[in-house]
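Shown next, in structure tokens, is the structure this report addresses.
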Amino acid sequence: MKSPAQQGFSIADLPIRMGYKDALKARAMVESHPWPSVPVVNVQNSVGIQQVNKILEQANFEDGWFLSFHDYGSVLNMRRPDGQDNSGNQRQIHARFRLMKDGSLQAAAHTEYSPIQHPDWHLHNKDLSWDDGQAQLVTILTDGGVDKGVVSKSHS
């Protein structure tokens with residue numbers, strides 16, 4: 001009997017993204033913590049999670065890193081690079097969304113150092129900014145077609 005390699009199978013043939021998403025779901029079930037009490041962006045229920053996801057993907061966001069914390073109730077966790085600081089250190093914008101009882105979305109968005117380039121700075125929230133994250137997220141959503149009248153800022 002031939003081995004998988006002898007049959008032409010390669011590790012590159014595995015559905016890696018599918019495995020990654022399954023790992024995120026499993027982690028969410030066992031490693032959740034309460035939604036943080038932080039400034040948030042509210043998106044009225046006329047805008048669905050699929051529309052928000054599409055806008056963020058078109059703005060070069062990707063699914064959140066598998067090692068990031070999972071906030072209880074989170075339905076969307078996305079991030080993208082956000083340039084560099086004055087010393088060339090990579091930063092990112094990170095947005096987590098939860099679905100509210102009325103069907104609206106609430107997002108906790110912040111800018112922070114990249115967990116890949118600066119894991120210690122990232123873990124200890126060095127120069128983390130909720131204000132910058134909120135402002136950028138509102139701009140991204142409205143530039144993506146969400147009416148400014150359905151997006152607001154508040155505190156969770």
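The values are calculated or read from the model by the stated rules, or taken from the named source; none is laboratory data. Given the structure is predicted, the values throughout are model-derived calculations rather than measurements. In this analysis, Cβ positions are derived from the backbone assuming ideal geometry, glycine residues included, and neighbour counts consider all displayed protein chains.
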Return the residues of the range 110-126 that are of a type in the set (S, T, N, Q) and crowded, with 16+ Cβ neighbours inside 10 Å; say none if nothing qualifies.
Thr111, Ser114
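Does Ser129 fit the bill of being at pLDDT below 90 and either among the hydrophobic types (A, V, I, L, M, F, W, C) or surrounded by 13 or more Cβ atoms within 10 Å (Cβ to Cβ) (or both)?
no
Under 17 Å from the mean Cα position of the chain (by Cα) and surrounded by fewer than 20 Cβ atoms within 10 Å (Cβ to Cβ), is that true of Ile93? Write out each step before concluding.
Working: under 17 Å from the mean Cα position of the chain (by Cα): yes; surrounded by fewer than 20 Cβ atoms within 10 Å (Cβ to Cβ): no.
Answer is no for this residue.
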Would you pick out the residues in the range 130-156 that are more than 15 Å from the chain's Cα centre (by Cα) and among the small types (Gly, Ala, Ser)?
Ala135, Gly144, Gly145, Gly149, Ser152, Ser154, Ser156
Which residue pairs have Cβ atoms closer than 9 Å, lie 6 or more positions apart in sequence or on different chains, and pair a first residue in the range 132-149 that is in contact (Cβ under 8 Å) with a residue 24 or more places away in the chain and under 19 Å from His110 (Cβ atoms) with a second residue that is of a type in the set (D, E, K, R) and crowded, with 21+ Cβ neighbours inside 10 Å?
Gly133/Glu112
Reported set for the range 111-131 where residues are free of Cβ contacts under 8 Å to residues at least 40 places away in the same chain and either under 26 Å from Leu99 (Cβ atoms) or in contact with a Cys (Cβ under 9 Å, 6 or more places away or on another chain) (or both) is Thr111, Glu112, Asn125, Leu128, Ser129
Which ranges mark the strands (runs of 3 or more DSSP E) fully within the range 90-156 that have 1 or more residues being on the phi > 0 side of the Ramachandran plot and of a type in the set (S, T, N, Q)?
none
Which listed residue, of Ile16, Ile55, Ile93, is in contact with a Gly (Cβ under 7 Å, 6 or more places away or on another chain) and either under 25 Å from Lys126 (Cα atoms) or modelled with pLDDT under 65 (or both)
Ile93
Report yes if some residue within the range 61-69 is modelled with pLDDT of 90 or more and buried (at least 18 other Cβ atoms within 10 Å of the Cβ); otherwise report no.
yes
Matching residues in the range 132-142 - criterion: being touching a strand residue (DSSP E or B) at 6+ places or on another chain (Cβ under 7 Å) and buried (at least 21 other Cβ atoms within 10 Å of the Cβ):
Gly133, Gln134, Leu137, Leu141
